[in-house]
Amino acid sequence: MSRRSSVVLDDVDRALLDALQEDCKQPLAKLGERVGLSPPSGLERVRKLEQSGLIRGYHAAVDPRLAGLDIGAFIGVGIDHPRAISGFEEAALAIPAVLECHHVTGRHTLLLKVRVEDTEALHRLIGAIRELPGVARTETMIVLQTQLERQRIVLPQRGEELEGARRRARASSPRNASNSDAGESIGSRGES
């Protein structure tokens, strides 16, 4: 997976992202009002955020237990050879019960977050995962209770973001480090 460069955000972009994360179904007039833009200007900014890839989609937050998926678990997977990782990741994408798949450091190669109906379904899922090519071992941790499951992204403050962009610019091109202040933001400078 390639690393994407950061998008430079201004205060209006941040306010839009915060408002959309809070309630993405609010009318554009209300959204624009919250951030000090007219509805057309607000829509244009949102479209630019979508085109940049920063906004990846709009989704309903479904309560898994009310949907009949009572068992949440994390499955650590050890892969026997690095060449088998991409094949495993592709196979994991095809399993609907796998909600997340992360390549991690430590004892496991990959960490999966899964949701299933009951322990019998979890047992079947673990068996299916163990049968995938390259799997050397698994370790399953069942979630007993969830205190926090956050989807909202806390955006870095403007100074933190600019310093991060400067560090990345210096690391990638030492000769261009002096130009790293000239980041381009999503919004045009004339809008307020």
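We did not get these values from a lab; they are worked out from the coordinates using the rules stated. Keep in mind that this is a model prediction, so the values were computed, not measured. Backbone-built Cβ (ideal geometry, glycine too); neighbour counts: all protein chains shown.
Data overview
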{"quantity": "Neighbour-count order for Arg83, Arg47, fewest beta carbons within 10 angstrom listed first", "calculated": "Arg83, Arg47"}
{"quantity": "FRET efficiency, Arg83 to Ile153 (Cβ-Cβ, R0 41 Å, nearest 0.05)", "calculated": "0.80"}
{"quantity": "Under 16 Å from the Ile142 label point (7 Å along Cα→beta-carbon), backbone N, region 91-131", "calculated": "114-127"}
{"quantity": "Percentage relative contact order, region 61-154, counting C-alpha pairs under 8 Å, at least six apart", "calculated": "40 percent"}
{"quantity": "Label point distance in nm, Cys24-Ser52, each placed 7 Å from Cα along Cα→Cβ", "calculated": "1.7 nm"}
